[in-house]
Amino acid sequence: MGGVSPVAASTVHPSLEDRTDTGQGSGDSWIVTVFDNDHNTFEEVVAILIVATGCSMREAQVETWEIHNLGKSVVHHGDRTECERAASIISTIGIRVEVSQE
């Protein structure tokens, strides 16, 4: 107890570089970034992220924490159309959102 088992210590976790391509060209990789403001509540941001991106409650809470504490967070990845759709939904609560190529 209290120690790390040799099996757990040797577990390999995938890195961002190991992610497989979705079949889209590299020019089709877009992100949605949400920026902090003084107007929206934590709960409002969590709720809109769930609606806009289909993420879990836990993921929305982590992203909202990042927005609040780091000033911004990348909340979605996808093709341009999907990211613009998500950003449009997020912006309905008056929060600054940006869609850009990854």
- What dipole magnitude, in Debye to the nearest 20, does the range 28-101 give about its Cα centre under +1 on Lys/Arg Cβ and -1 on Asp/Glu Cβ? 40
- Can you list residues whose amide H is under 5 Å from residue 76's amide H, if they're 5+ apart or on another chain and H is modeled 1.01 Å from N? 32
- Tell me the label-point distance for the pair residue 68, residue 39, using the 7 Å Cα-to-Cβ offset, in nm and rounded to one decimal. 1.9
- Item | Rough spin-label spacing in nm, given labels placed 7 Å along Cα→Cβ, for residue 79 and residue 56 | 2.7
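Bear in mind that the values in this text are calculations on the coordinates, not laboratory data. Predicted model only: the values in this text are computed from it and were never measured. Every residue, glycine among them, receives a Cβ derived from its backbone with ideal geometry; neighbour counts consider all protein chains shown.
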